[in-house]
Amino acid sequence: MRSHPLRDTAPLRRTAAALAAAALTLTAVSACGSAEAVETAAAGDELSGAKFVVGSKDFTENIVLGKIAVQVLKAHGAEVVDKTNLGGTVPNRKALESKAIDMYWDYSGTGWIEHLKNAKPIQDSAEQFKATAAADLAENGIHWIGPTPLNNTYALAIRSEKAQELGVKTLSDVAELAKTKPEEVTLCIETEFSTRDDGLPGLSKAYGMDIPKNRVSLLDTGVVYTETDKGKTCNFGEVFTTDGRIASLGLTVLEDDKKFFPVYNAAVTLREDVYKKYPALEKVLQPVIAKLDDATMQKLNAEVDVEGREPGKVSADWLDQQGFLGGKA
């Protein structure tokens with residue numbers, strides 16, 4: 001979903017076959033950045049003797065969150081196999097269910113719409129998380145630890161000068177523009193967004209927005225942002241509200257005036273058997289989770305995507321600054 005906009009995105013994207021293989025193997029993947037520099041049990045020994053395999057999705061925020069989990073668990077005594085940057089939502093969920101990984105970060109809206117197949121989101125964030133966690137545990141044996149305050153919801157953005165030219169401020173404005181000036185409604189999105197119920201299909205239905213396929217470009221995350229900023233391939237782009245590139249590129253996020261997009265509070269998802277075996281996970285992770293609000297995540301994302309820093313270093317530095325590593329990372 002996200003990658004560095006100034007670098008070749010290939011290292012962060014794998015083929016479907018490679019992702020499937022990665023999800024099914026338990027071979028250790030070395031942590032990048034400073035993940036290996038975190039001292040084991042420096043913050044406590046609550047997880048001493050435990051071994052976890054930690055996955056993550058393949059966009060910046062989720063990789064950073066994955067590194068945070070790797071480093072925190074290690075700081076509390078666990079042995080951790082780092083399988084972050086495993087792929088999209090489906091490979092991670094399948095890997096979790098098949099026991100190829102023990103945990104990864106997911107989002108309440110994704111759980112409610114994608115995993116639990118509900119058509120209508122719950123707008124209250126606390127109620128959305130509570131309902132998602134309860135249903136996923138009851139139906140699938142998946143436990144949710146969280147939620148974070150951050151809400152990484154989908155949005156459509158446009159370069160600010162073009163927004164003024166077209167007079168668009170809301171998604172309803174875009175739907176109207178698609179009728180009056182259809183040539184102006186060109187869209188850059190990721191492949192996953194093109195098929196999800198909480199993506200373009202549902203958005204089009206909710207707003208009565210008819211965008212021909214020849215005006216929709218499927219691109220990697222970083223390219224979506226840069227092409228939206230350039231305004232040549234597309235005027236509108238799918239973005240994530242906690243992404244640091246929105247501000248750095250001067251993009252304008254359009255108001256979801258019909259409140260179509262669900263709330264996407266992040267949380268650690270793991271199988272119930274793992275949670276029951278290591279109940280200390282809740283105690284170790286919740287203080288970190290409570291600190292991850294929108295502003296914090298935007299800053300961490302920008303350090304990777306705008307400044308070009310390694311996710312493992314960004315996460316370790318933040319954890320160290322917050323006192324979660326029990327000493328210098």
Positions within the range 118-128 being touching a residue at least 40 places away in the same chain (Cβ under 8 Å), assigned to a helix (DSSP H, G or I) and open to solvent by 20 Å² or more (accessible area, probe 1.4 Å), in sequence order: Ser125
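It is to be established whether one or more residues within the range 136-150 are under 17 Å from Lys259 (Cα atoms), at pLDDT 95 or above and surrounded by fewer than 21 Cβ atoms within 10 Å (Cβ to Cβ).
No.
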Close pairs from the range 280-297: first more than 14 Å from His143 (Cα to Cα), partner among the polar types (S, T, N, Q) and open to solvent by 30 Å² or more (accessible area, probe 1.4 Å), Cβ under 7 Å, at least 6 apart: Lys291/Gln322; Asp294/Asn151
Which listed residue is open to solvent by less than 20 Å² (accessible area, probe 1.4 Å) and not acidic (Asp, Glu), from Val70, Val80, Val90: Val70
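Sort out which residues of the range 181-208 are open to solvent by 20 Å² or more (accessible area, probe 1.4 Å) and either closer than 19 Å to Glu255 by Cβ or aliphatic (A, V, I, L, M) (or both), and write them in order of number.
Applying the first criterion (open to solvent by 20 Å² or more (accessible area, probe 1.4 Å)) to the range 181-208 yields 181-184, 186, 191-192, 194-195, 197, 200-201, 204-206, 208.
Correct list: Glu184, Leu200, Ser204, Lys205, Ala206, Gly208.
Among the residues of the range 39-59, how many are at positive phi and either assigned to a helix (DSSP H, G or I) or open to solvent by less than 30 Å² (accessible area, probe 1.4 Å) (or both)? Walk me through it before giving the result.
As a first pass, look at the range 39-59 and keep what is at positive phi: 41, 44, 49.
Remaining after also requiring either assigned to a helix (DSSP H, G or I) or open to solvent by less than 30 Å² (accessible area, probe 1.4 Å) (or both): 44.
Selection size over the range 39-59: 1.
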The one condition in (1) in a strand (DSSP E or B); (2) open to solvent by less than 10 Å² (accessible area, probe 1.4 Å) that Asn62 fails to fulfil: (1)
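Do we find a residue being touching a Gly at 6+ places or on another chain (Cβ under 9 Å), farther than 30 Å from Ala50 by Cβ and modelled with pLDDT of 95 or more anywhere in the range 251-262?
Taking the range 251-262 as the starting set, the residues that turn out to be touching a Gly at 6+ places or on another chain (Cβ under 9 Å) are 251, 260-262.
Still in the list and also farther than 30 Å from Ala50 by Cβ: 251, 260-262.
Those left that are additionally modelled with pLDDT of 95 or more: 251.
Checking the range 251-262: at least one residue is touching a Gly at 6+ places or on another chain (Cβ under 9 Å), farther than 30 Å from Ala50 by Cβ and modelled with pLDDT of 95 or more.
Looking at the range 93-117, which of its residues are part of a loop (DSSP other than H, G, I, E, B) and open to solvent by less than 50 Å² (accessible area, probe 1.4 Å)? Steps first, answer last, please.
At the first step, the residues of the range 93-117 found to be part of a loop (DSSP other than H, G, I, E, B) are 98-102, 116-117.
Within the range 93-117, Ala100, Ile101, Asp102, Leu116 meet the criteria.
I'd like the full set of residues that are assigned to a loop (DSSP other than H, G, I, E, B), at pLDDT 95 or above and under 20 Å from Pro311 (Cβ atoms), limited to the range 65-91.
Just the residues of the range 65-91 that are assigned to a loop (DSSP other than H, G, I, E, B), to begin with: 76-78, 88.
Then drop every residue that is not at pLDDT 95 or above, which leaves 76-78.
Of everything in the range 65-91, just one residue is assigned to a loop (DSSP other than H, G, I, E, B), at pLDDT 95 or above and under 20 Å from Pro311 (Cβ atoms), namely Ala78.
Take the conditions out of contact with any helix residue (DSSP H, G or I) (no Cβ under 8 Å at 6 or more places or on another chain), surrounded by fewer than 19 Cβ atoms within 10 Å (Cβ to Cβ), of a type in the set (Asp, Glu) and on the phi < 0 side of the Ramachandran plot and apply them to Glu165. Does it pass? Steps first, answer last, please.
On the way: out of contact with any helix residue (DSSP H, G or I) (no Cβ under 8 Å at 6 or more places or on another chain): yes; surrounded by fewer than 19 Cβ atoms within 10 Å (Cβ to Cβ): yes; of a type in the set (Asp, Glu): yes; on the phi < 0 side of the Ramachandran plot: yes.
When the stated conditions are applied, Glu165 passes them.
Would you tally the residues in the range 263-315 being in a loop (DSSP other than H, G, I, E, B), of a type outside the set (Phe, Trp, Tyr) and open to solvent by less than 20 Å² (accessible area, probe 1.4 Å)?
At the first step, the residues of the range 263-315 found to be in a loop (DSSP other than H, G, I, E, B) are 263-264, 278-279, 291-293, 306-310.
Checking the rest, the ones that are also of a type outside the set (Phe, Trp, Tyr) come to 263, 279, 291-293, 306-310.
Okay, now just the ones that are also open to solvent by less than 20 Å² (accessible area, probe 1.4 Å), so 263, 292.
So the answer is 2.
The values are calculated or read from the model by the stated rules, or taken from the named source; none is laboratory data. Remember, predicted model here, so these are calculated numbers, not experimental data. Counting neighbours? That spans all protein chains shown, and the Cβs are built from the backbone with ideal geometry, glycine included. Quick note on the areas: whole protein, heavy atoms, side chains included, nothing else; ligands and nucleic acids left out. Shrake-Rupley method; radii C 1.70, N 1.55, O 1.52, S 1.80 Å.
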